[in-house]
Amino acid sequence: MDYEDAKKISLPHLLQQLGHQPVQGKGSSSKFWYKSPLRIGDKDPSFKVELKSDAWVWYDFGLGKGGNIFSFVMEYENIDDWGAVMAFLRPYATLNTDTQITKEVYSKDSESGITIESVKPLQHPALLNYLSSRKIPKRVATMELMSLGEKNPAQARAIVSEVNYSLNDSEKIYFTLGFQNDKGGFELRNKYSKLSCSPKYFTTFKGQDNNTIEIFEGFFDFMSTIVIGKYKDALPNDVLILNSLSFIPRAIEFIETNNYQTVITWLDTQAEEARKLFTPLISYVHHKHLLYADYDDLNEWLIKR
């Protein structure tokens, strides 16, 4: 293999052989984005590979370095000997470039067309401003709580995360608040959109009293009670956020299975038929909607009071 042969090696296919996949929804057939193969712990894609003048080039925005396939091997293997570089590339000289590049993806919902590109700690100023407009401070949104559900029940997570997503395999990436349910799906909210992606389910959090459970329709009402109650590190009671009224039958099954003695609901003011579904429970049921009867829901009461 000579220099010209080595220069023709596809860098995206080489990276795939080395175990590095580009990010789904970012890039095109001639441009790919990766979590940097040169830096451990790169959370956001900051390593770009693109085809220019029939040759693949790369640039690592975290390192501030870039170049061709030869300079990549030097950085990747930490070598500066030309013979060693050529020896490293020799086995890859016959890579099948007809093979499709497999793209990394956090999750993809074929039903809604939503692809979750990344989930990370909440930090985007626009999302923090949106929370502030709903009277929810960052301290509350990022409060870490334990789930009562089957998915990672022993692992605490922030109430809200920052989610990057794309729609219908578009290259455009959007950012939003992400509220995860007990099966790993997300409710997605920002100033302009209200979406959700499968699997759809309710969300639970562990409180200090496992005899009482509080029921919410959505996560903004749930966070509103934390603001009102000025809770710091723990919830007084177990919590279930429905994410959709259609999950009330499953929520009731969850309540009965776990033998809760007291049920407190914080449903929307107009959700009278939904409240009636909790009436047959043997447990003591206390509906809180009269506290915010002049408003649509608890969060609106918090904003306008």
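Results, tabulated for the structure shown:
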item: Alpha-carbon Debye profile of region 29-80, log10 I(q)/I(0) at 0.20, 0.21, 0.28, 0.30 Å⁻¹; result: -0.67, -0.73, -1.15, -1.24
item: HN-Hα J in Hz across region 258-268 - Karplus 6.51, -1.76, 1.60, θ = phi - 60°, x for Gly and Pro; result: 9, 6, 5, 8, 9, 10, 10, 10, 10, 6, 4
item: Apportionment of accessible area to carbon and sulfur, the chain, percent (1.4 Å); result: 48 percent
item: For the chain: rounded, prolate or oblate by the Cα gyration tensor [a/c cutoff 1.5]; result: prolate
item: Cα pair distances exceeding 19 angstrom across region 1-105, given as percent; result: 39 percent
item: Within the chain, longest stretch free of exposed GluC sites (Glu not before Pro) [DSSP loop, at most 14 other beta carbons within 10 Å]; result: 172-305
item: Charge dipole (debye, nearest 20) of region 177-284; +1 at Cβ of Lys and Arg, -1 at Cβ of Asp and Glu; result: 360 debye
item: Among the listed pairs Lys65/Lys194; Lys48/Lys232; Lys31/Lys135; Lys65/Lys120; Lys43/Lys191; Lys135/Lys206, those beyond 30 Å (Cα-Cα); result: Lys65/Lys194; Lys48/Lys232; Lys31/Lys135
item: Euclidean distance between Cα centres, region 231-305 to region 110-148, Å; result: 22 Å
item: Residue-normalised accessible area of the chain, expressed per residue, 1.4 Å probe, Å²; result: 51 Å²
item: Estimated [θ] at 222 nm from DSSP helical runs (n ≥ 4, -39500 (n - 2.57)) normalised by residues in the chain, nearest 500; result: -6500 deg cm²/dmol
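The values are calculated or read from the model by the stated rules, or taken from the named source; none is laboratory data. Everything numeric in this text was worked out from a predicted model, so none of it was measured. In this analysis, Cβ positions are derived from the backbone assuming ideal geometry, glycine residues included, and neighbour counts consider all displayed protein chains. Heavy atoms of the whole protein, side chains included, go into the accessibility calculation; ligands, DNA and RNA do not. Shrake-Rupley method; radii C 1.70, N 1.55, O 1.52, S 1.80 Å.
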